[in-house]
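Here you go, one structure.
The values are calculated or read from the model by the stated rules, or taken from the named source; none is laboratory data. What you see is a predicted model, and the numbers here were worked out from it, not measured in a lab. With ideal geometry, Cβ positions are generated from the backbone for all residues, glycine too; neighbour counts draw on all protein chains shown.
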Amino acid sequence: MAVVKLLGTWFSPYGHRVIWALKLKGILYEYIEEDVRNKSPSLLQYNPIHKQVPVLVHGGKPICESTVILQYIDEIWPQNPLLPADPYDRAVALFWIKFADDKGLLMSKLYRGNGEEQQAAVKEWLEMLEVMEEHALIGVKKFFGGDEINMVDIAFSFVAHWLGILEDVLGLEIFKPHKFPRVSSWIQNFKSSPIIKDNLPDADKMSTFLKRGREMMLTSKSN
Amino acid sequence: MAEEVVLLDFWPSPFGMRSRIALAEKGIKYEHKEEDLRNKSALLLQMNPVHKKIPVLIHNGKPVCESLIQVQYIDEVWHDKAPLLPSDPYQKATARFWADYVDKKIYEVGGRVWKTKGEKQATAKKELIETLKLLEKELGDKPYFGGESLGYVDVAFIPFYSWFYALEKCGNFSIEAECPKLIAWAKRCMQKESVAKSLPDQQKVYDFILEMKKHFGIE
């Protein structure tokens, strides 16, 4: 079987999406930690366009962009499918994955924002959570994928784990469980799912790391 | 039951054009409904409650939103004719990557070309040309991004060609001078009936942009 390599970073939700997909399908892979402030020649060679992680390398051939990678993985290794078989259901799943992908940019907006920008970012987060609550999760019992997690659950993972870390770093409370009961229930289910539970970046380590990063960012802004 | 296909659309939208092309490539009969975006129909709000945007493809009463998802859906359901995505998973991933690149770059950067002036516009023009050159490089010597026939990336990208004239006039530059191979590709695509029928006249698009600029108070 061709060798599978994954270039990623320990804190990124996008790299974790690929880790979970590979583990859910029982695929062995070699993980390579990248330093985004000092990108390796391999990364620049494999992803010359965006120069970003994650990159999946399968038999020497690179695949970039986490959603493209997940669909590739799902097609090459069809066991434990991550997307519905029916074309219409698949189109709906892809819609929510795109929504989650677009809203993932809110993590950076929140983290980098200050004052008015931050307030605007918080408002956008709340709007996004409302859409999850009032639209995405309607009819969803345990996971978006039914009894098992699928690509939609994986796509929304930033809400399940990374939002809480950002709230801690910034001293904000954005997600109030009683205001978003369906989201809250989904988060609990997602985070207790076996592959996810054992493969999340440590929250304290991330908090410390992000707090330091934010301090440096704000200091350099004011200088 | 007869197949019922409706497309909620807006004539200058490059995203709507993508779905028009895909439907035409597959020879699918459908009802085209033009939306007034300043006065969105109840149907549009019902079919796309999350974004309230066009295009929306409605197949037997069920909505599919987001143009690239519509193109993939059309390709899967009507798979017996004119395949748009390759069957090889790696080639498919490559096609998806480049369609995603077009999505991330062209609309936003192109928008800045006609919406801004001075230095901001100069920056936008430079970025647009860089983006187009990268796509030109990816095309290489192939007749289409899809190889010998029109494919997913061609469908994703060709609609923006209908906006080139408007961007060139607004930015006072020539895209063909910078990217001749890309323009050759675009003209090749325009020879296909499915594309020619789906793209609006470039002058019409320019008039529309001028109206938008007036409306937003951009000189």
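Pick from segment B:113-151 the residues that are hydrophobic (A, V, I, L, M, F, W, C) and not in a helix (DSSP H, G or I): which of them is nearest to residue B:81 (Cα to Cα)?
Looking at the filtered set, the residue picked out is B:150.
Ok, one more. Determine the pairs where a residue that is within 19 Å of residue B:118 (Cβ to Cβ), located within segment B:200-218, has a partner that is surrounded by fewer than 14 Cβ atoms within 10 Å (Cβ to Cβ) and acidic (Asp, Glu) with Cβ atoms under 9 Å apart, the partner being 6 or more residues away or on another chain.
Going by the 9 Å Cβ cut-off, the qualifying pairs are B:213/B:219.
Against the conditions (1) surrounded by 16 or more Cβ atoms within 10 Å (Cβ to Cβ); (2) away from chain A (no Cβ under 14 Å), where does residue B:156 fall short? Just the number, please.
(2)
Related question: Identify, please: which residue in segment B:56-103 is touching a Cys at 6+ places or on another chain (Cβ under 9 Å) and farther than 18 Å from residue A:67 by Cβ and is, among those, farthest from the other protein chains (Cβ to nearest Cβ)?
Only one residue fits best here, namely B:56.
Now for a different question. Being under 23 Å from residue B:194 (Cα atoms), surrounded by 21 or more Cβ atoms within 10 Å (Cβ to Cβ) and not aromatic (Phe, Trp, Tyr), is that true of even one residue in segment B:103-113?
No, that holds for no residue.
Which residues, taken from segment A:169-215, are closer than 15 Å to residue A:110 by Cα and either under 16 Å from the mean Cα position of the chain (by Cα) or not hydrophobic (A, V, I, L, M, F, W, C) (or both)?
Of everything in segment A:169-215, those that are closer than 15 Å to residue A:110 by Cα and either under 16 Å from the mean Cα position of the chain (by Cα) or not hydrophobic (A, V, I, L, M, F, W, C) (or both) turn out to be A:171, A:173, A:207, A:211, A:213, A:214, A:215.
Tell me, please, whether a residue that is touching a residue at least 60 places away in the same chain (Cβ under 8 Å), in the same structural domain as residue B:116 (by TED's automatic domain parsing) and either assigned to a loop (DSSP other than H, G, I, E, B) or surrounded by fewer than 14 Cβ atoms within 10 Å (Cβ to Cβ) (or both) can be found in segment B:163-183.
no
Report, by residue number, each residue of segment A:48-62 that is farther than 18 Å from residue A:9 by Cβ and more than 10 Å from every other protein chain (Cβ to nearest Cβ).
A:60
Right, next: Assess whether residue A:22 counts as being over 19 Å from the mean Cα position of the chain (by Cα) and not assigned by TED's automatic domain parsing to the domain that holds residue A:152.
Answer is no for this residue.
Filter segment A:191-217 down to residues that are closer than 26 Å to residue A:144 by Cβ and out of contact with any helix residue (DSSP H, G or I) (no Cβ under 9 Å at 6 or more places or on another chain), then give me how many there are.
3
Report, by residue number, each residue of segment B:137-153 that is within 14 Å of chain A (Cβ to nearest Cβ) and crowded, with 18+ Cβ neighbours inside 10 Å.
Passing the criteria: B:152, B:153.
OK, next. If you check every pair at least six apart or on different chains, which have Cβ atoms under 8 Å apart with a residue in segment A:86-101 that is within 7 Å of chain B (Cβ to nearest Cβ) first and a residue that is acidic (Asp, Glu) and surrounded by fewer than 22 Cβ atoms within 10 Å (Cβ to Cβ) second?
Note: pairs meeting the criteria are A:87/B:76.
Quick one: which strands (runs of 3 or more DSSP E) sit completely within segment A:1-105 and have at least 2 residues that are of a type in the set (D, E, K, R) and loosely packed, with under 15 Cβ neighbours inside 10 Å?
A:30-33
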